[in-house]
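Scroll down for the structure; my scribbles are underneath it.
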Amino acid sequence: MKPKNNKLKTKVVIIGGGPSGLLLSQILTKENVENIILESRSRDYVLNRIRAGVIEHGSMELLLESGVGNRLLSEGSKHSGFLISSENNEFRIDLNLASGKSVYVYGQTEITLDLYKALDQSGTEIFHEVKNISINDIRTKNPQVNFETSEKVYQISCDYVAGCDGSKGISKNFIPKEKLSFQEKNYPYKWLGILSKSKPVHKELIYANHERGFALASMRNENLSRYYLQTNNNEDISAWPDERIWDELKKRLPSKFSSNIQMGNSVEKSITPLRSIVVEPMQWERLFLAGDAAHIMPPTGAKGLNLAFSDIYYLSNSLIDFYRTGSTSTLEKYSERALSRVWQTVRFSHWMTNLLHTTDEKKSVERQFQLLELQELSINLAAKKALAESYVGTPY
Ligand code: APR
Ligand code: PHB
């Protein structure tokens, strides 16, 4: 049966119902700026994604100000340091060196749950499993967003469109190709991630540089461990049964910890390539890009989610400024402002990735430089402070 046409009107259409889109909607809704979220997947699918777990100080403050940070404070765990190990040396990075700030370990899944709950309470319109989104008249004061659900074809008339649809999203495609720059760097390795029902091996995160490859021991709570292993680029998850993963983790983590590693059954396992992408500009006419739709980077520095949130801080403030004052001056500067922090963050993620991951040549010049830099970092307070400041997140 041909679906009935359905004409809707709102101020801001948000394409993508992941952390970026949900947080933008929550902040706008709190300020009575009407918005509608269009998400291509089901809510369950979005809520079952296993992603990031380290929340920067600034992200924690933003979530609290947005009315969705209480569970993070009560159930998340505050971390004021982490370990780095290499060869037979291990040392701690004290995050309090960064003006007393900390980070929180709290799964992105939980943040998404908190945001959906808040948006349900406010009655914000979220369309799930939408298809065939198109953005029209983006150069006018009245853009139109068309989309379909299984029942109907909709047309939304709006003031602005926020592309929060992630690295595989379509919103960036509505910026003319000649206006768009797409800068990409691919790393010669992948991360294998495992989530297991087991007690974490240590109360803080352990970043292990090892000649066999990088390993990271993280967690979600005291009964849920999250581990990562550097693998070659041609690796497939089918070649990594749980036993092989545990065996490799024991070889790469410092022996004082790996000897008491608790091997639980994997709840989730995945392999993802490491790459950096920055899309410029992050705005064109009345379309704004935020989060993974505009940038991705290696997860080494735990920055993907946090950088998405700083984009949303800038974009939401600019939109609210417009609706309060009628001025578009901060909106016009969004891309420039956001990209400044994006490039700083992509650079930090690149630096931390190169510091900790091992290339094939065991005795290469690069390996010697890497070991010397780690040795220097272990004794140099200024270097530790610089790392701590980047890790907790620079001010917005
Ligand atoms: N139409 C509608 N929704 C779409 C479309 C589309 N064409 N394409 C993608 N989406 C949805 C995805 O299903 C996803 O739910 O957009 C959402 C984008 O969410 P994320 O990819 O999580 O990106 P973002 O919200 O920016 O969050 C960034 O999430 O994935 C992690 O590593 C990432 O930690 C980072 C954070
Ligand atoms: C995680 O727990 O998923 C995590 C923690 C720290 C990182 C990357 C991922 O640097």
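The figures follow:
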{"item": "Segment 37-156 - percent relative contact order, Cα under 8 Å, separation 6 or more", "result": "29"}
{"item": "FRET E, pair residue 263, residue 87, Förster distance 25 Å, beta-carbon r, rounded to 0.05", "result": "0.50"}
{"item": "Interchain or long-range residues, amide H under 5 Å from residue 231's placed H", "result": "190, 191, 192"}
{"item": "Backbone HN-Hα couplings from phi across segment 66-83 [Karplus 6.51/-1.76/1.60, Hz, Gly and Pro as x]", "result": "8, x, 10, x, 5, 5, 4, 5, 7, 10, x, 10, 7, 10, 10, x, 8, 9"}
{"item": "5 Å binning of all Cα-Cα separations within segment 337-396, expressed as whole percents from 0 upward", "result": "4, 16, 22, 22, 16, 12, 6, 2, 0"}
{"item": "Share antiparallel - DSSP beta bridges, the chain, percent rounded to 5", "result": "70"}
{"item": "Listed residues 78, 199, 363, most fluctuating in the chain (Gaussian network, C-alpha, under 10 Å)", "result": "363"}
{"item": "Integer Hz, Karplus 6.51/-1.76/1.60 couplings in order for segment 280-294, x for Gly and Pro", "result": "10, x, 9, 8, 8, 6, 9, 10, 10, 9, 8, x, 4, 5, 10"}
{"item": "DSSP-assigned coil residues among GluC sites (Glu not before Pro) in segment 339-387, each with at most 14 further Cβ atoms within 10 Å", "result": "361"}
{"item": "D (Stokes-Einstein, µm²/s), Kirkwood Cα radius, segment 236-283, 1.002 mPa s at 20 °C", "result": "157"}
{"item": "Carbon/sulfur fraction of accessible area - the chain, other protein chains in place, 1.4 Å, %", "result": "48"}
{"item": "Cleavage-rule hits, trypsin sites (Lys or Arg not before Pro), segment 217-310, DSSP coil, Cβ neighbours within 10 Å at most 16", "result": "none"}
{"item": "Spread of Cα-to-Cα distances over 10 Å intervals beginning at zero, given as percent, for the chain", "result": "5, 22, 31, 24, 13, 5, 0, 0"}
{"item": "Distance between segment 286-362 and segment 14-60 - C-alpha centres, whole angstrom", "result": "15"}
{"item": "Whole-number Å³ per residue for the convex hull built on Cα positions in segment 238-396", "result": "178"}
{"item": "Ratio of the Cα radius of gyration of segment 10-51 to 2.2 N^0.38 Å, where N counts its residues", "result": "1.19"}
{"item": "For residue 44, solvent-accessible area (1.4 Å; no DNA, RNA or ligand), Å²", "result": "100"}
{"item": "Segment 115-204, Rg to Rh (Cα coordinates; Rh as Kirkwood inverse mean 1/r)", "result": "1.12"}
{"item": "Estimated [θ] at 222 nm from DSSP helical runs (n ≥ 4, -39500 (n - 2.57)) normalised by residues in the chain, nearest 500", "result": "-10500 deg cm²/dmol"}
{"item": "Long-range amide H partners of residue 8 with built H, under 5 Å", "result": "155, 156, 157"}
{"item": "For segment 107-115, Karplus couplings with θ = phi - 60° (6.51, -1.76, 1.60), whole Hz, Gly/Pro x", "result": "x, 4, 4, 5, 4, 4, 4, 4, 6"}
{"item": "GluC sites (Glu not before Pro) lying in DSSP loop within segment 46-151, provided at most 15 other Cβ fall within 10 Å", "result": "87, 129, 151"}
{"item": "Kirkwood-based Rg to Rh ratio, segment 47-96, C-alpha trace", "result": "1.10"}
{"item": "Out-of-range pairs (alpha-carbon distance over 26 Å; input 78/385; 333/385; 9/303; 303/362; 152/333; 190/363)", "result": "333/385; 9/303; 303/362; 152/333"}
{"item": "Check: segment 168-256 dipole with +1 on Lys, Arg Cβ and -1 on Asp, Glu Cβ, in debye", "result": "300"}
{"item": "Other-chain or far-sequence residues with amide H under 5 Å of residue 224's (modelled H)", "result": "198"}
{"item": "Segment 1-105: relative contact order as a whole-number percent, Cα under 8 Å and 6+ apart", "result": "21"}
{"item": "Rg to Rh, two decimals, where segment 78-237 supplies the alpha carbon set and Rh follows Kirkwood", "result": "1.08"}
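The values are calculated or read from the model by the stated rules, or taken from the named source; none is laboratory data. Note that the structure is predicted; figures quoted are calculated from it, not measured. Positions of Cβ are generated from backbone atoms using ideal geometry, with glycine treated the same way; all protein chains shown enter the neighbour counts. What goes into the accessible areas is simple: the full protein's heavy atoms, side chains included, and nothing from ligands, DNA or RNA. Shrake-Rupley method; radii C 1.70, N 1.55, O 1.52, S 1.80 Å.
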